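Q: I am attaching a structure below and will ask some questions about it afterwards.
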Amino acid sequence: MKKLVIIGSGVMGRGIAYVSALGGFHTFLIDIEEKQLENARRDIDAIFEKGVSRGKVTEEEARNASERLTYSKFLSENIKDADIVIEAVPEKIDIKKSIFEVMDQHAPLHCLFATNTSTMSPTEIASFTKRPDKVIAMHFFNPVHLMPLVEIVRGLETSDETAQAISLVAKQMGKETVTVNEFPGFVTSRISALVGNEAFYMLQEGVGTAEEIDKAIKLGLNYPMGPFELGDLVGLDTRYNNLKYLHEKLGEKYRPAPLLEQYVKAGRLGRKTGRGVYDYRNPVKS
Ligand SMILES: NC(=O)c1ccc[n+]([C@@H]2O[C@H](COP(=O)([O-])OP(=O)(O)OC[C@H]3O[C@@H](n4cnc5c(N)ncnc54)[C@H](O)[C@@H]3O)[C@@H](O)[C@H]2O)c1
């Protein structure tokens, strides 16, 4: 059984921990915030319960997977015998840099490093380590336990062995994979960020209400979720950080909508804070 450590227990880290434990990995979920770890444990337990009640996993599978999960605030001591580390901290290059430096210092030499970045260059992230051949992007989707894809993005120095091993890890977690070439935003975030940002420009221009814009996109274009519903699920801060990065790398068409920035500044980050474009604290949408 391989030891897999996930750093960051937010929206994504907790989902990755769930599929990792269910896939048979000895899974450690790390965060600097005690509260986040508590929330992660609560959410993961709820997914297990729902999975059992809907017949997606047996009680025994859920119990065994739960027993394979450890929650901790301590990074360096938990990665010293890790085989795979998946980083899921906020989409800010300085935070990722400091985490990868610590990972490189404490993880054994054979350990593979994956980043769950939505937009950033795995080549740049690999440059924060002395093992660029063992670094790759492993882009999961939200909610991780329901979304079938992992988009794998190789950096310039990523070895074939690393790419193959990570693809097997994703498959063991029950996921399909696509492996794409490195470019800011890969395939999925590049499209998703553009659609989500354009929706904010429309809202700002008064083209329609959030409900109307979401309804038009869902029923007219056959999207499973409206761009605001998705933005609130992703986290508006995460979406904003993605856009800032893509704006810097790919130019004007990714300039974050001022209204999106305003929501983030107001602390309306989406479902995770109880309020984003929509209000989740009340049964009626605002
Ligand atoms: N939210 C999405 O839908 C989504 C989808 C795909 C990829 N991503 C990417 O996944 C990554 C994480 O996004 P998220 O939405 O889960 O963010 P989030 O804000 O929900 O969670 C980030 C977590 O990292 C923790 N953290 C911060 N600094 C840390 C440190 N030094 N050590 C340990 N933990 C630390 C925070 O306490 C928080 O719990 C980002 O790179 C994002 O772009 C997000």
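Q: Considering only residues that are farther than 19 Å from ALA137 by Cα and surrounded by 22 or more Cβ atoms within 10 Å (Cβ to Cβ), which ones fall in the range 29-46?
A: ASP31, ALA40, ILE44
Q: Please list, ordered by residue number, the strands (runs of 3 or more DSSP E) wholly in the range 103-222 having 3 or more residues that are within 13 Å of the ligand (Cβ to nearest atom).
A: In the range 103-222, the matching strands (runs of 3 or more DSSP E) lie at 135-139, 149-154.
Q: If only one of ILE86, ILE99, ILE95 is within 15 Å of the ligand (Cβ to nearest atom), under 25 Å from LYS244 (Cα atoms), without any contact (Cβ under 8 Å) to a residue 24 or more places away in the chain and not in a loop (DSSP other than H, G, I, E, B), which one is it?
A: ILE95
Q: ILE7 - would you say it is touching a Lys or Arg at 6+ places or on another chain (Cβ under 9 Å), of a type in the set (A, V, I, L, M) and within 16 Å of the ligand (Cβ to nearest atom)?
A: Working: touching a Lys or Arg at 6+ places or on another chain (Cβ under 9 Å): no; of a type in the set (A, V, I, L, M): yes; within 16 Å of the ligand (Cβ to nearest atom): yes.
Taking the combined requirement at face value, the residue does not satisfy it.
Q: While we're looking at this one, here's another question. I need every pair where a residue in the range 165-189 that is on the phi > 0 side of the Ramachandran plot has its Cβ under 8 Å from the Cβ of a residue that is more than 15 Å from the ligand (Cβ to nearest atom), sequence separation at least 6 or different chains.
A: GLY174/LEU22; GLY174/GLY23; GLY185/LEU250
Q: Sticking with this structure for a sec: Among the candidates MET103, MET120, MET138, which residue alone is at pLDDT below 95 and in contact with a strand residue (DSSP E or B) (Cβ under 9 Å, 6 or more places away or on another chain)? Before the answer, list the steps.
A: Values: MET103 fails: at pLDDT below 95; MET138 fails: at pLDDT below 95.
Result of the check over MET103, MET120, MET138: MET120.
Q: Okay, next question. Mind listing whichever residues of the range 208-255 are without any contact (Cβ under 8 Å) to a residue 60 or more places away in the chain and charged (D, E, K, R)?
A: GLU212, ASP214, LYS215, LYS218, GLU229, ASP232, ARG239, LYS244, GLU248, GLU252, LYS253, ARG255
Q: Still on this model: Have a look at ASP160, ASP214 and point out the one that is buried (at least 21 other Cβ atoms within 10 Å of the Cβ) and either over 26 Å from PHE113 (Cβ atoms) or at pLDDT 95 or above (or both). Steps first, please.
A: Values: ASP160 fails: buried (at least 21 other Cβ atoms within 10 Å of the Cβ).
None of the other options fit; the residue is ASP214.
Q: So ALA257 passes all but one of these: (1) surrounded by fewer than 20 Cβ atoms within 10 Å (Cβ to Cβ); (2) more than 24 Å from VAL144 (Cβ to Cβ). Which condition number does it fail?
A: (1) is the only condition that ALA257 fails.
Q: Moving on to the next point. Checking PRO256 against (1) assigned to a helix (DSSP H, G or I); (2) touching a Lys or Arg at 6+ places or on another chain (Cβ under 8 Å), which single condition isn't satisfied?
A: It fails just one condition, (1).
Q: Can you tell me which residue among GLU176, GLU198, GLU182 is farther than 25 Å from SER9 by Cα, at pLDDT 95 or above and surrounded by fewer than 21 Cβ atoms within 10 Å (Cβ to Cβ)?
A: GLU198
Q: Could you please find all residues in the range 1-34 being within 25 Å of GLU101 (Cα to Cα), more than 17 Å from the chain's Cα centre (by Cα) and in a helix (DSSP H, G or I)?
A: GLU34 - this is the single residue of the range 1-34 that is within 25 Å of GLU101 (Cα to Cα), more than 17 Å from the chain's Cα centre (by Cα) and in a helix (DSSP H, G or I).
The values are calculated or read from the model by the stated rules, or taken from the named source; none is laboratory data. This structure is a prediction, so every number in the text was calculated from the model and none was measured. In this analysis, Cβ positions are derived from the backbone assuming ideal geometry, glycine residues included, and neighbour counts consider all displayed protein chains.
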